[in-house]
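Let me begin by presenting the structure, written as structure tokens, before commenting on it.
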Amino acid sequence: MNWIEVSVQIATESVDAVSNILIEAGSEGVSIEDSQDFFNVPDDGFGQIWELDRADFLEEGALVKAYFSEMIFSPEIISSVKEQIIELKSKGLSIEPNIMIVTEVAETNWATAWKKYYHSLKITRFLTIVPNWEEYEPQHPDECIIKLDPGLAFGTGTHPTTILSLQSLENCIRGDETILDVGTGSGVLSIAAKALGAGKVFAYDLDEVAVKSAYDNIMLNDYAVDVQIAANNLLKDVEIKADIVVANILAEIISPLIPQAWSVLKPGGLFLTSGIIDTKKETILLQLKEQNFEIIQLLQMKDWVAIIAKKPLEEE
């Protein structure tokens, strides 16, 4: 069977939004070639494990490739996707150059080709992400291995926003915390939380496809199989009291999440947010402060920012 490849060249900050649009349109899988992935491989003194060729990447921005079965593909899908991408501008996201190319490809040409972009990646001293088809031996006894199948683009650990989220979790987890992972995507943050010693972990995503992707990845990691995952709109109707809420999502979605996170966090609890483009940092910081969160730490990679905020021990 042949497949229809829909390739969209887009600004890096819109990669997640465009990926979700394509998945919801019926794509069987999405791959991402992001110029920032090449520049943002962390160099923390442990050696470079992720082997990439600069020639494989764009000079700037990102290329999102979605694959549709020829059995379901229709011109109406393209029209709908184009309209939804244009609508992202009204949410403050840059979409340039917004170039779309549609081609027909044979199944054998794409089914495994994207795997060349994914290799074992050491995120921190304690966290290493390993594609489930690779063999990898831990380099020291305290190294935590996270197995992932990046068949769907819901956060493979290579994007700066995911790396910042993982670093934030490592900074904050002390052991046995109750953690809520909002917009879980691939489930990588929930898996990492369990690897780092968290107690109960609850993962939520609005997208049923993401929930399935997260479940499949969680099952690849024996220590994380008790993560509870469900479809949910952010933290709506969630009554669990948490020590940590973590969200690697767009700034526009973090805004309405702020009061919800405040409501579920225990006094002294931490709110870890990522997915924030630098130009929206001050807006999110202001909203957090207006909610009476204390800003503990800012982390940044290139144009992306993560924020660690704390709910005071005693509410004013």
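The values are calculated or read from the model by the stated rules, or taken from the named source; none is laboratory data. Predicted, not measured: the structure shown is a model, and the values here were computed from it. Positions of Cβ are backbone-derived with ideal geometry, glycine not excepted, and every protein chain shown enters the neighbour counts.
Please tell me if LEU234 is at positive phi and among the aliphatic types (A, V, I, L, M). Can you show your working first?
Values: at positive phi: yes; among the aliphatic types (A, V, I, L, M): yes.
Considered against the rule, which asks whether it is at positive phi and among the aliphatic types (A, V, I, L, M), LEU234 comes out as yes.
Six or more apart or on different chains, Cβ under 8 Å: which pairs go from a residue in region 120-137 that's closer than 18 Å to LYS194 by Cα and basic (Lys, Arg) to one that's surrounded by 21 or more Cβ atoms within 10 Å (Cβ to Cβ) and at pLDDT 90 or above? Could you list them?
Partner pairs satisfying both residue conditions: LYS122/THR128.
Which fully enclosed strands (runs of 3 or more DSSP E) of region 227-291 have 1 or more residues being small (Gly, Ala, Ser) and within 15 Å of the chain's Cα centre (by Cα)?
On the way: elements: 228-231, 242-248, 265-277.
In region 227-291, 242-248, 265-277 are the strands (runs of 3 or more DSSP E) which contain 1 or more residues that are small (Gly, Ala, Ser) and within 15 Å of the chain's Cα centre (by Cα).
Which one of the conditions (1) surrounded by fewer than 24 Cβ atoms within 10 Å (Cβ to Cβ); (2) modelled with pLDDT of 95 or more does LYS281 fail to meet, given that it meets all the rest?
(2)
Would a scan of region 284-302 turn up a residue that is in contact with a Ser or Thr (Cβ under 9 Å, 6 or more places away or on another chain), among the polar types (S, T, N, Q), modelled with pLDDT of 95 or more and farther than 24 Å from GLU170 by Cβ?
Among the residues of region 284-302, at least one is in contact with a Ser or Thr (Cβ under 9 Å, 6 or more places away or on another chain), among the polar types (S, T, N, Q), modelled with pLDDT of 95 or more and farther than 24 Å from GLU170 by Cβ, which makes the answer yes.
Which residue, of ASP16, ASP37, is modelled with pLDDT under 80 and not hydrophobic (A, V, I, L, M, F, W, C)?
On the way: ASP16 fails: modelled with pLDDT under 80.
Just a single option satisfies the conditions, and that option is ASP37.
Of the residues in region 131-157, how many are modelled with pLDDT under 90 and under 17 Å from the mean Cα position of the chain (by Cα)?
So the answer is 11.
Could you run through region 237-253 and say how many residues are at pLDDT 95 or above and either buried (at least 22 other Cβ atoms within 10 Å of the Cβ) or under 30 Å from THR12 (Cα atoms) (or both)?
Of the residues in that region, 5 qualify.
For the subset of region 195-211 comprising residues that are more than 18 Å from PRO131 (Cα to Cα) and assigned to a helix (DSSP H, G or I), which member is modelled with the lowest pLDDT? Steps first, please.
At the first step, the residues of region 195-211 found to be more than 18 Å from PRO131 (Cα to Cα) are 196-209, 211.
Imposing the further condition that a residue be assigned to a helix (DSSP H, G or I) reduces the set to 208-209, 211.
Values: GLU208: 80, VAL209: 75, VAL211: 87.
Once the filter is applied, the top-ranked residue is VAL209.
I need every pair where a residue in region 65-82 that is touching a residue at least 24 places away in the same chain (Cβ under 8 Å) has its Cβ under 8 Å from the Cβ of a residue that is buried (at least 20 other Cβ atoms within 10 Å of the Cβ) and part of a loop (DSSP other than H, G, I, E, B), sequence separation at least 6 or different chains.
Close Cβ pairs (under 8 Å, with a partner that is buried (at least 20 other Cβ atoms within 10 Å of the Cβ) and part of a loop (DSSP other than H, G, I, E, B)) amount to ALA66/SER27; TYR67/SER27; PHE68/SER27.
Every residue in region 180-194 that is of a type in the set (Val, Ile, Thr) and outside any loop (DSSP other than H, G, I, E, B), please.
Restricting attention to region 180-194, the residues satisfying the condition of being of a type in the set (Val, Ile, Thr) are 182, 184, 188, 191.
VAL182, VAL188, ILE191, listed by residue number.
Mind checking which pairs have a first residue in region 282-301 that is touching a residue at least 24 places away in the same chain (Cβ under 8 Å) and a second that is among the small types (Gly, Ala, Ser) and not in a helix (DSSP H, G or I), Cβ under 7 Å, 6 or more apart or different chains?
Matching pairs, first to second residue: LEU288/ALA309; PHE293/ALA309; ILE296/ALA309; LEU299/ALA306.
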